[in-house]
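**Student:** Submitted below is the structure of interest, expressed as structure tokens.
Just so you know, all these numbers are worked out from the coordinates, no wet-lab data involved. None of these values were measured; they are calculated from a predicted model. Note that we place each Cβ from the backbone using ideal geometry, even for glycine, and neighbour counts take in every protein chain shown.
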């Protein structure tokens with residue numbers, strides 16, 4: 001069983017277009033698809049679930065769509081936080097927070113504080129996240145430490161660099177799932193996915209079900225992970 005599953009929740013807009021609905025209807029349907037997947041991951045013993053909800057590039061979309069996405073985040077956690085807390089889910093957000101509206105920051109901070117002691121499943125929401133931004137932030141912080149004399153550059157290795165990332169207190173994903181038929185990772189967890197197994201499906205995210213999750217897990221469990229060696233560890 002994968003300990004850490006990452007999901008790119010893609011295809012909301014195309015799902016809506018196929019039904020002649022506004023794109024915002026697709027995003028709302030995508031939000032509703034998340035809850036059963038969270039529960040299923042917890043039931044199956046997955047310890048970490050990381051979902052890509054809003055990228056640093058998504059700010060270029062029409063303002064009405066951006067506002068809808070921000071509003072859906074606030075609405076979802078306002079509604080679900082107590083249920084998630086009771087289910088033992090710990091909520092974390094990764095991404096840049098500096099330019100997020102105050103109401104979005106409030107719900108992020110409240111969700112994290114309310115569920116901080118939970119340990120059944122860590123739900124990490126990548127919001128205003130980009131992997132290149134994450135790597136840039138880490139490199140900038142390391143450069144500052146070296147400039148200030150508190151870090152010898154010769155001591156920087158992969159383990160230390162990973163400790164400067166947003167994901168420093170969680171394992172790398174074992175399995176990355178991307179619905180919608182696209183076969184790329186779109187600036188998501190570039191460092192962390194060095195040895196992640198990928199699973200793609202043409203199903204749009206709003207139609208993604210627990211059955212699809214189980215298919216992805218079954219496929220993952222059939223693979224041999226060699227990490228560059230000749231035999232699986």
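**Student:** Could you list 189, 213, 21 so that the one with the fewest beta carbons within 10 Å of its beta carbon is first and the one with the most is last?
**Tutor:** 21, 213, 189
**Student:** At a temperature of 37 °C and a viscosity of 0.692 mPa s, determine how fast the chain diffuses translationally according to Stokes-Einstein, using the Kirkwood radius over alpha-carbon pairs as Rh; express D in µm²/s, rounded to the nearest whole number.
**Tutor:** D, rounded to a whole number, is 175 µm²/s.
**Student:** Could you compute Rg(Cα) / (2.2 N^0.38 Å) for region 1-104, with N its residue count?
**Tutor:** That works out to 1.13 for region 1-104.
**Student:** For a paramagnetic label modelled at 7 Å from the Cα of residue 221 toward its Cβ, which residues of region 1-23 fall within the zone defined by backbone nitrogen distances under 13 Å?
**Tutor:** 1-3
**Student:** Hey, rough spin-label estimate for residue 182 and residue 163, points 7 angstrom out along Cα→Cβ, what's it come to in nanometres?
**Tutor:** Output for this residue pair reads 3.5 nm.
**Student:** Quick one: go through region 159-173 and flag any residue whose amide nitrogen is under 18 Å from the point 7 Å out along the Cα-to-Cβ line of residue 144.
**Tutor:** 161-168, by backbone N distance to the label point.
**Student:** Taking R0 as 30 Å, what FRET efficiency do you get between residue 151 and residue 200 from their Cβ-Cβ distance, rounded to the nearest 0.05?
**Tutor:** Using R0 = 30 Å, I get an efficiency of 0.15.
**Student:** Stick to Cα atoms and the Kirkwood definition of Rh, then tell me Rg/Rh for region 68-137. Mind showing how you got there, number by number?
**Tutor:** Working: Rg = 12.4 Å, Rh = 12.6 Å.
Dividing the radius of gyration by the Kirkwood radius yields 0.98.
**Student:** What FRET efficiency comes out for residue 135 versus residue 18 if R0 is 41 angstrom and r is the Cβ-Cβ distance? Round to the nearest 0.05.
**Tutor:** Approximately 0.70, to the nearest 0.05.
**Student:** Report the Rg/Rh value for region 54-177, based on alpha-carbon coordinates and the Kirkwood definition of Rh.
**Tutor:** Rg/Rh for region 54-177 comes to 1.02.
**Student:** Arranged by the count of other C-beta atoms within 10 angstrom, fewest first, what order do 89, 51 take?
**Tutor:** Listing 89, 51 from fewest to most nearby Cβ atoms yields 51, 89.
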